[in-house]
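**Student:** The following block contains the structure, expressed as structure tokens.
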Amino acid sequence: MKSLRFARVFKPAIPGVVFLSIFIYLTGCSEKPETLPGWALSSDTPVEAFTPVSPESGIKINYPLDEAMFPPEIIAPTFLWEDTTPTVDRWVLSFRGSSSVQSFLCKEPSWRPDRETWQEMKKISVENPLSVTVTGFNKKQAQKPLSGSAVRISTSTDEVGAPIFFREVILPFLDAVIDPSKIRWRFGSIDSEEQPPIVLEGLPVCGNCHSFSQDGSLLAMDVDYANSKASYVITRTQEEMKLNTSDIITWNDFRKEDREQTYGLLSQISPDGRYVLSTVKDKSVFVPIEDLYYSQLFFPIKGIIACYDRVEDKFTALKGADDPQYVQSNPTWSPDGKTILFARTEAYDLLSTQGQGKTLLTREECKEFVEDGKPFKFKIYKVDFNEGEGGEAVPLEGANEEGQSSYFPKYSPDGKWLVFCKASDYMLLRGDSRLYIMPAQGGEPRLMRCNTDQMNSWHSWSPNGKWLVFSSKANGPYTQLWLTHIDVNGESTPPVVLAHFTQSDRAANIPEFVNRPADAIRSITPQFLNDLSWCRAGDEYFRNHMPQEALTNYLYALTINPDCYQAHQKIGFLYFNVFDRLQEGISHMEKALKIEPRYAMTQFDYGMACLHMKNYETARIHIAEAIRLIPRGIDKQYDSAEMRFQLARAIFMGGEPAEAIPPLEAALQMNPDHAEANYLLAILCIGANDIPRAIPLMQKAITTNPKVDRNPEMHARIGAYYAENGQYSLALSEAERAFTLAQAQNNAALVDELRQVIPQLRNLAARE
């Protein structure tokens, strides 16, 4: 058998177009051609004519691949080729049918058989491969073939036998994060000419990592609910599915006493539907990337695996996968539910975000991975489940190649085989990710024949164990779904694409075969959405500097619950700080405070609004209360050092400078590089005539952020201090800086004074 090589054989002939999905029925072929060339294959054509001797004859058949195997129920594919022979403008596609040779004249380099023809081709190719020949010619020289090639295809007797549930995402992925309502889920069978119907869309919050029980009776999926990004819904599969609040758990209930927020990652329901495993206490690298093909860098760097028992309503850590020194993620179940495989490596905390629970990172925050090439490679480990008790974890024999990252293990339904991904680094969306197969109990892994040259991942076995579906970027940045047949020896075939499953502007990922009929799911309705769901949607827009879109979502939250204090707080902030609607902003903040006075963010925002309005005493009270409620802060907007600096400002501007010193010192203890805190403390020290202490504070502030330097009197005082101590060059430098600032601020009195002082200092400095 001819070996298959993927040297960009999937690359579209038309740049920038994912062609497999758009050529359907647009072939320009004539099933009953007006005239076939005189050399066209006929009923007495020898077999050799169907397999051209010279493969370098001008034509390359891009799809199907040579020796590809199709499921018996799949709809007709579109044959695609490219011809480098300059004079060719027509093609004849031929194959030996059951009773005669079938030939078709094509005016474009593509052909799709009608239903009857495809059924015949499949019938012929069950026992022996069917050779399909493409021959090029010129209309004006119809007697002379100019180019040719052939491809062999087969049809399996093994049906796929199950529909596929998958997610469809817009790119770049950051757009989907900002507006998750554009993500949708489809469910359908490969035997339908129609695109699988959309069963879920318009979800305003993130939905991720779905999985089904072995019999397909339960669907489980990560969802953002209320104020918990760690929410997880588990519900019965039915035609009209409802995602209710009662079906939702939150991974934050695991060891909630430590008050450490988690997200839940790569969760998986058990085969019998009783248990769920997930990565918790986690932290991940998530960096938007400019490249449309791979528009995110995403992988966990911290986390343990926890188990939720649906019968006992109990969370436990899975022993063997709960060591905080490691990141343990991506759990998968054996078919009998007795064994867990997971990916593991040493945990790591980003140097720039230590102690922070951030999810969306900048390139600078993730410099060690994005620019410095820090390696981060996973190994597959194995542990007994023991009804949630766990055990000793050991590396899976044969799966972990030195220098490679192994992840996403998936058992075959009979427990005989294991398919996993291997890449040079990380996990998820790796361009060099390839599928490997090995005996489930350990052994030598083999590179699967189905691999394309651009990312192969997110695989799922059909319930009968005969087919594997996976995602690949072989035809462009938008992943498509592909199928490969797997025989009893674990050998796979060149893949066939499910071109009609996705659109050219959507990436298909997380495909999963569901052990249910094709019409088992018609719609999924999220009934858990509430006011806080829309607040979370608004938060994503706000974080991505889209205030109008954020405001729209917050206002919608109030239509659901007029007493949603989070929405009032966020609307108040936007009105006051962005849209210059000050009184409306204050009104919403006051409503939020009346409903929930213990909400720290409202206390701080209202305090800052009062500070802006020069209500210094009120500002002081509310900012101090915010600090009491969240002493360590929560994020960049409500940073612990920043809040203390603003408290000091309110005290200082309220006319009590000495009382402003303790919160400034506290701010600098938390963040010694806080430029404005250093600067204000320097001013206060000068006011207390403690010039020696003020000088290093001022220097630190200006070095950290030169823009904070705007107080001419401070420089004048420091200049006078240097002059009194005979340091005239330093005194001159400070006086000149004071002069520049005083001029910019129209401080006429200080300008006049310095005009007299500076020449004297120049003379004195010259004598040093």
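**Student:** Answer yes if at least one residue in region 481-492 is assigned to a loop (DSSP other than H, G, I, E, B) and either buried (at least 22 other Cβ atoms within 10 Å of the Cβ) or not assigned by TED's automatic domain parsing to the domain that holds Pro413 (or both), and no otherwise.
**Tutor:** Among the residues of region 481-492, not one is assigned to a loop (DSSP other than H, G, I, E, B) and either buried (at least 22 other Cβ atoms within 10 Å of the Cβ) or not assigned by TED's automatic domain parsing to the domain that holds Pro413 (or both), which makes the answer no.
**Student:** Ser147 - would you say it is over 24 Å from Ala508 (Cβ atoms), touching a Phe, Trp or Tyr at 6+ places or on another chain (Cβ under 6 Å) and either touching a residue at least 40 places away in the same chain (Cβ under 8 Å) or assigned by TED's automatic domain parsing to the domain that holds Asn475 (or both)?
**Tutor:** no
**Student:** Restricting to region 681-704, name every residue that is in contact (Cβ under 8 Å) with a residue 24 or more places away in the chain, polar (S, T, N, Q) and surrounded by fewer than 15 Cβ atoms within 10 Å (Cβ to Cβ).
**Tutor:** Answer for region 681-704, where residues must be in contact (Cβ under 8 Å) with a residue 24 or more places away in the chain, polar (S, T, N, Q) and surrounded by fewer than 15 Cβ atoms within 10 Å (Cβ to Cβ): there is none.
**Student:** In region 709-729, which residues are part of a helix (DSSP H, G or I) and surrounded by fewer than 18 Cβ atoms within 10 Å (Cβ to Cβ)?
**Tutor:** Step one: list which residues in region 709-729 are part of a helix (DSSP H, G or I), which gives 712-724, 728-729.
Glu713, Ala720, Glu724, Ser729 - these are the residues of region 709-729 that are part of a helix (DSSP H, G or I) and surrounded by fewer than 18 Cβ atoms within 10 Å (Cβ to Cβ).
**Student:** Right, something else. All but one of (1) assigned to a loop (DSSP other than H, G, I, E, B); (2) surrounded by 21 or more Cβ atoms within 10 Å (Cβ to Cβ) hold for Ser211; which doesn't?
**Tutor:** Of (1) assigned to a loop (DSSP other than H, G, I, E, B); (2) surrounded by 21 or more Cβ atoms within 10 Å (Cβ to Cβ), only one is false for Ser211: (1).
**Student:** Let me ask you something else. Could you check, for region 281-294, whether at least one of its residues is out of contact with any Cys (no Cβ under 6 Å at 6 or more places or on another chain), buried (at least 19 other Cβ atoms within 10 Å of the Cβ), in a strand (DSSP E or B) and hydroxyl-bearing (Ser, Thr, Tyr)?
**Tutor:** yes
**Student:** Please pick out the residue among Ser192, Ser246, Ser181 that is free of Cβ contacts under 8 Å to residues at least 40 places away in the same chain and either under 21 Å from Val276 (Cα atoms) or not in a strand (DSSP E or B) (or both).
**Tutor:** Ser246
**Student:** Now a separate question. Please state which one of Glu397, Glu392 is assigned by TED's automatic domain parsing to the domain that holds Ala343, out of contact with any helix residue (DSSP H, G or I) (no Cβ under 8 Å at 6 or more places or on another chain) and over 18 Å from Tyr326 (Cα atoms).
**Tutor:** After ruling out the rest, the residue left standing is Glu397.
**Student:** Check whether at least one residue in region 322-340 is within 30 Å of Pro413 (Cβ to Cβ), of a type in the set (Ser, Thr, Tyr), assigned by TED's automatic domain parsing to the domain that holds Trp417 and assigned to a loop (DSSP other than H, G, I, E, B), and report yes or no.
**Tutor:** yes
**Student:** Further question on the same structure: Could you check, for region 717-728, whether at least one of its residues is in contact with a Phe, Trp or Tyr (Cβ under 9 Å, 6 or more places away or on another chain), touching a residue at least 24 places away in the same chain (Cβ under 8 Å) and small (Gly, Ala, Ser)?
**Tutor:** no
**Student:** Check Arg649, Arg598 and return the single one that is among the basic types (Lys, Arg), in the same structural domain as Phe542 (by TED's automatic domain parsing) and part of a helix (DSSP H, G or I).
**Tutor:** Of Arg649, Arg598, the one residue that is among the basic types (Lys, Arg), in the same structural domain as Phe542 (by TED's automatic domain parsing) and part of a helix (DSSP H, G or I) is Arg649.
The values are calculated or read from the model by the stated rules, or taken from the named source; none is laboratory data. As the structure is a prediction and not an experimental result, all values here were calculated from the model. Note: ideal-geometry Cβ built from the backbone for every residue, glycine included; neighbour counts use all protein chains shown.
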